[in-house]
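The values are calculated or read from the model by the stated rules, or taken from the named source; none is laboratory data. In this text the structure is predicted, and so the values were computed from the model without any measurement. Cβ: placed from backbone, ideal geometry, glycine included. Neighbour counts: every protein chain shown. What goes into the accessible areas is simple: the full protein's heavy atoms, side chains included, and nothing from ligands, DNA or RNA. Shrake-Rupley method; radii C 1.70, N 1.55, O 1.52, S 1.80 Å.
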Amino acid sequence: MRIPSPTALFSERPRRLVRRRWVRYALAGGILLAVAAYHLVPTIVSPASMGDALERELSDWLGAQATVAGTPEISYWPRPKITAHGAAIARPSGGGLLVYGNAAELTADFGIFGALSGSPAFSDLTFDKAVIVLEDAGVPGAAPANRLAMAVAAIQDGEADGIDGKGPGELRLIDSTIAIAGKGDGDGDGDPRIVKAVTGELDWEELDGAARFTGSAEIGGEPTEIALRTAKPVTMFAGGSSTVDLTLSNALASVSYQGTASGRRPYFLNGSFSLSTADLQNLMTRLGVETRLLSTVGKASLKGQVARSGASLRFSPVELAIGDSKASGALDIVMKTPDEPARISATMAFTDIALFDAQSSLPSWIDTMADGSDDGSSEPLSDLDLRVSAGTVRLADITLSDVAASIIRTSEQTSFDIADSRLDNGSLFAHVAVQNAGTAKVRLNAENVRSSPLFRQLGISVPLESDALTLELVYQANLPLERNAKDGLSGNFRFAAGSGQLTWLDLNAILATAENSNAFAFSPLKQAPYAFQSIKGRGSLDGTILTLDGVTIEGENRQVTIEGQVDTATGQLEAKLTATPKSGNAPGIALDISGNALAAFARVTEIPAGTASD
């Protein structure tokens, strides 16, 4: 180890002292300079001159005269900043994309040295309570009005490589309004699209670079959080495409999109999309897509790939959840226009569908599908073309499995078809056509199903209970069915069933009385189960009149046949009943029955020729 000599030590000490003195002098000079600047800069940088400079920079960028109201205020802590209590940009006279408007308050940061030299540079502009208009002037042959319009024109002329300019930089909006006007950008009546309550930050440094906005606005009447980033905003303004990352979220729904999009008609989308809502009916109403078929559904979500061309949206593949039902497939939506309703078509495979609540029935569902409503609304419902397959479909207290169905609605009618399904140990096929003119037609075929749940679902009361019913039913009626249940009703039916019981009249008591009396009265109100091994028959419907053309009941010891008519509104009854023993030599019984819901009379007659027990 080398030890410095005393001479070297003493020669080093004065040099260290000199350096420390210079450091102290530099610090003192800096403090004095800062104090001098604090007192002298305001006398050199006047608010009026800074206001004029701000007007010039805004005018230069936007291509129109900018005006700052009054004398601005200048503050220097924590950064130099100018504040103007009122600012306005006149509408530019050139062509292309125009930007103009006004603000209740405008603030901007500026560089102190540029201000001292007379050439301040402004940044981080903030517009409070501003109204900003973006207008596509569409003036043929007019020179671009501003830098943004020049950049748009360069892209439209195929000279995108020539774009070289500063963008708006960092710009902040507080409680502002944005109006978008121009050809094809209004609501169909020539009015601009208005976005209110805009608060957020725009970061767009270079015109040919990316832009990002983060903030909130009022969309569809709902305060909405917005996050948007686009790689080429000028290209989108020019009608071209750019990558976009968009997220919208409010109390009604959450939406996200990542992919490619264009900024002008014909609009174009190609990317991934997701949407979720807890109030589906409200959301569809806001979007102009009306359907009462989903009126009881709350939550829903949609996720998949989306492509848009013009007014048509196609989601494929897509995952869809409606309530507790989940599906995958393809979905197409054509948004409504002033002349046409929205159109929806889809091919979806569901795992499980729950369509009705416990109080529902076919008549109430048909009334729901009807185009007209009691609220007097003239808004047309959306056209539908839905093709659905499902593992199970729950309709109140019956469950279909392996279902293939469709719902098709046009301007004339709504039709619902169950092309294939299994029910209980059998099958069910159905076709329902609801005419917008106010009528409904129903055709149903069921084989080997439980009778009671099916009749409840059909909204009819039939006193027949069996676990092996086969039914063919065709009828039509006027709407609404629940209120005008028998108005215009007509149709026919055919049925057969295995073992069960019939609860219409007290047949056992009536037949027992007929063995000892040729004429007697009884009450149709008294009903008791009549067991059978099988039953079959056919009949027709005409308003309130139910006609039985021939019902054969095979009991344990006899065969009973019934023909006649019943007025389901008044209970008026006219029928002929024949009972023939299946064995032995006991004679058969034939009765003519007439009466009403309270009292009826039976008279024994001869057994018609040809009646047999087989």
* Structure fact -> Residue pairs qualifying under the 9 Å Cβ cut-off, at least six apart or on distinct chains, with the first in region 460-477 being under 19 Å from ALA440 (Cβ atoms) and outside the structural domain of ASP506 (by the TED database) and the second being open to solvent by 80 Å² or more (accessible area, probe 1.4 Å) and not in a strand (DSSP E or B), are ALA477/LYS486
* Considering only region 328-351, state which residues are among the aliphatic types (A, V, I, L, M) and without any contact (Cβ under 8 Å) to a residue 40 or more places away in the chain. => ALA330, LEU331, VAL334
* To do: Report yes if some residue within region 142-164 is open to solvent by 50 Å² or more (accessible area, probe 1.4 Å), touching a Ser or Thr at 6+ places or on another chain (Cβ under 7 Å) and not aliphatic (A, V, I, L, M); otherwise report no.
  => no
* Structure fact -> Here the residues within region 307-355 that are in a strand (DSSP E or B) and in contact with a helix residue (DSSP H, G or I) (Cβ under 9 Å, 6 or more places away or on another chain) are ILE322, LEU355
* **Total residues in region 97-121, condition of a type outside the set (A, V, I, L, M), modelled with pLDDT under 90 and in a strand (DSSP E or B)** => 1
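So which of SER272, SER242, SER262 ends up being closer than 24 Å to ARG314 by Cβ, surrounded by fewer than 16 Cβ atoms within 10 Å (Cβ to Cβ), touching a strand residue (DSSP E or B) at 6+ places or on another chain (Cβ under 9 Å) and of a type outside the set (A, V, I, L, M, F, W, C)?
Going through SER272, SER242, SER262 in turn, the sole match is SER272.
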* Could you please give the count of residues in region 44-57 that are open to solvent by less than 20 Å² (accessible area, probe 1.4 Å) and under 49 Å from the mean Cα position of the chain (by Cα)? => 1
* Asked: When both residues are 6+ apart or on different chains and their Cβ atoms are under 7 Å apart, which pairs have a first residue that lies in region 190-214 and is at positive phi, and a second that is acidic (Asp, Glu) and in a strand (DSSP E or B)?
  -> ALA197/ASP175; ALA197/GLU218
* Selection count where residues are within 17 Å of SER451 (Cβ to Cβ) and either crowded, with 18+ Cβ neighbours inside 10 Å or of a type in the set (Lys, Arg) (or both), scope region 505-545 -> 7
